[in-house]
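Trainee: Encoded as structure tokens, here's the structure I'll be asking about.
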Amino acid sequence: MKPIFPKWMNALPTLLFFVVNGGVLLVIAGFWYYATPKFWEVGYMPTQPGSGFNHQIHAGKLGMDCRYCHTNVEDSWHANVPAVETCMNCHVENRLNVELSSATDDKVQFIRDAYNEGVGIEWRNIHVVPDYANFPHNAHVNAGVSCYSCHGQIQGMPVVAQVEPLSMGWCLDCHRNPEENLVPKDKVTDLYWVENEWFGKSVEERAHAGISPEQLLDTLKRNPPEHCAACHY
Ligand code: HEC
Ligand code: HEC
Ligand code: HEC
Ligand code: HEC
Ligand code: HEC
């Protein structure tokens, strides 16, 4: 009797097994790869309330120091975003020396509303290290690691986006080469200087950039930890 199915069909279940499972495995592998924080957190740029906050205008064009708003970056394990009162220092009606255009005035109305209603502004958090890893923010700033190394060129960002993966490998890459990532302490928040005059220059050129021998010595004593318990406990 002639078989209903041709002989090669015997291989079909096996073939199907590999195709289906291979497919599933590929999907899992793909998901694992791309869903790993390295890929989906870089570029993370949530929509902020109101007309948002523009670092390019405030920290770039107006030249405000980061610490005017991020007041505790030198004192606390956790950095802070400013309360609405800080914005009101300038954006309360007629407080600015600068004449605001009516368009700009409309854009800052949400600040006055939030202040008058006593609710504050619910800024959406961008950079997050999971709870099981300890990240002392102040230790880094005080050691001379520039905001630029971890947050990118914020002074040029109309909207803040995450530019580094904040993964364990990323932490350790820097901890293994701390000297390369340190800048003179008084330049930590001067991001254009850091980008162009420090990281953009050779070691010889940097030697002329005004860093004192004491600072350099202090710099080289820095010994960022690589053992598990330093970050996980
Ligand atoms: C006038 C106040 C002000 C100044 C000056 C300022 N910031 Fe901000 N910053 C904010 C506000 C408000 C937010 C929250 C809204 C947002 O993310 O855009 C913020 C958010 C951030 C974030 C993202 C925080 C998160 O959620 O992960 C980083 C990083 C940051 N600022 C770095 C800087 C750096 C670096 C400087 C100096 C070059 C600076 N800021 C200057 C007000 C300010
Ligand atoms: C030291 C004064 C000062 C402080 C503090 C300040 N701003 Fe401003 N802001 C300005 C000036 C000046 C302008 C107008 C800049 C321009 O027109 O080029 C402006 C413009 C703006 C605009 C409109 C710009 C646009 O087109 O997007 C928004 C929105 C704004 N600020 C939000 C904030 C928020 C939110 C805070 C608090 C976290 C804040 N500002 C704190 C001085 C300040
Ligand atoms: C060594 C890397 C590193 C440096 C240097 C650094 N940051 Fe951060 N920053 C981070 C990480 C990582 C987070 C998220 C921390 C967390 O989840 O606990 C963060 C969080 C923040 C936040 C969010 C705070 C919040 O309320 O969620 C702000 C604002 C900020 N940094 C500003 C700054 C400023 C300004 C500087 C420079 C003075 C700076 N950072 C320097 C790595 C760094
Ligand atoms: C760009 C460089 C850089 C990156 C990125 C970085 N670190 Fe560090 N870290 C340092 C330096 C430099 C020190 C040494 C500080 C000192 O000696 O005071 C340090 C110190 C530490 C310490 C010890 C602090 C203390 O008080 O002794 C911990 C914990 C730490 N880092 C955790 C982390 C974690 C977690 C991450 C990633 C989320 C990270 N670091 C990313 C440069 C970096
Ligand atoms: C410099 C700080 C630092 C050190 C040292 C460190 N880790 Fe981590 N580790 C982290 C951070 C930050 C994360 C979270 C990464 C993320 O969000 O993807 C993490 C995540 C992890 C995870 C979760 C899985 C993953 O990769 O996301 C494990 C497991 C882990 N670490 C084990 C260890 C072990 C074991 C050691 C010692 C050999 C160690 N860590 C040393 C910072 C550190």
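The values are calculated or read from the model by the stated rules, or taken from the named source; none is laboratory data. Computed from a prediction, not measured in an experiment: that's the story for all the values here. Positions of Cβ are generated from backbone atoms using ideal geometry, with glycine treated the same way; all protein chains shown enter the neighbour counts. Please note that ligands, DNA and RNA were not included when accessible areas were found on the heavy atoms of the full protein model with its side chains. Shrake-Rupley method; radii C 1.70, N 1.55, O 1.52, S 1.80 Å.
Trainee: Counting only other residues whose beta carbon sits under 11 Å from that of Trp193, what net charge do I get with K and R as +1, D and E as -1? It would help to have the intermediate numbers written out before the result.
Mentor: On the way: positive: Lys187, Lys201; negative: Asp186, Asp190, Glu195, Glu197.
Around Trp193, the surrounding residues sum to -2.
Trainee: Here is a follow-up. Quick query: amide H of Met64 versus all other amide H atoms, modeled in the peptide plane; which residues come in under 5 Å with a sequence gap of 5 or more or a different chain?
Mentor: Ala59
Trainee: Loop-only check: which chymotrypsin sites (Phe, Trp or Tyr not before Pro) in the stretch 108-188 are DSSP coil with at most 16 other Cβ within 10 angstrom?
Mentor: Answer in residue order: Trp123, Tyr132.
Trainee: What aspartates and glutamates does Lys107 reach when the alpha-carbon gap must be under 19 Å and sequence neighbours fewer than 8 apart in one chain are set aside?
Mentor: Glu85, Glu93, Glu99, Glu117, Glu122
Trainee: Report the paramagnetic label zone for Leu220: residues of the stretch 190-208 whose backbone N is under 19 Å from a point 7 Å from Cα along the Cα-to-Cβ axis.
Mentor: Correct set: 202-208.
Trainee: Between Asn142 and Glu205, what FRET efficiency comes out of the Förster formula 1/(1 + (r/R0)^6) with R0 = 22 Å and r the beta carbon distance, rounded to 0.05?
Mentor: E(calc), rounded to 0.05, equals 0.30.
Trainee: Can I ask one more? Which GluC sites (Glu not before Pro) in the stretch 78-172 pass both tests, a DSSP loop state and at most 12 other beta-carbon atoms within 10 Å? Numbers along the way, then the final one.
Mentor: Numbers: sites: Glu85, Glu93, Glu99, Glu117, Glu122; in loops: Glu93, Glu99, Glu117, Glu122.
Loop-located and lightly packed - Glu93, Glu99, Glu117, Glu122.
Trainee: Mind checking the per residue accessible area of the stretch 75-155 for me, 1.4 Å probe, whole number of Å²?
Mentor: Result: 62 Å² of accessible area for each residue.
Trainee: May I ask you to derive the FRET efficiency for Ser76 and Asp113 from their Cβ-Cβ distance with R0 = 41 Å, giving the value to the nearest 0.05?
Mentor: Plugging the Cβ-Cβ distance into 1/(1 + (r/R0)^6) gives 0.90.
Trainee: I've got another one for you. For the stretch 99-233, restrict the atom set to alpha-carbon positions and state the Rg and Dmax in Å.
Mentor: Cα only, the stretch 99-233: 19.0, 56 Å (Rg, Dmax).
Trainee: Let me ask something else about it. Can you return the aspartates and glutamates within cross-link range of Lys185? Criterion is Cα-Cα under 13 Å, with same-chain partners fewer than 8 residues away left out.
Mentor: Within the straight-line limit of under 13 Å, Lys185 reaches these aspartates and glutamates: Glu74, Glu214, Asp218.
Trainee: Here's something else I'd like to know. Percent of accessible area on the stretch 80-191 owned by carbon and sulfur, 1.4 Å probe?
Mentor: Answer for the stretch 80-191 is 51 percent, counting heavy atoms of protein chains only.
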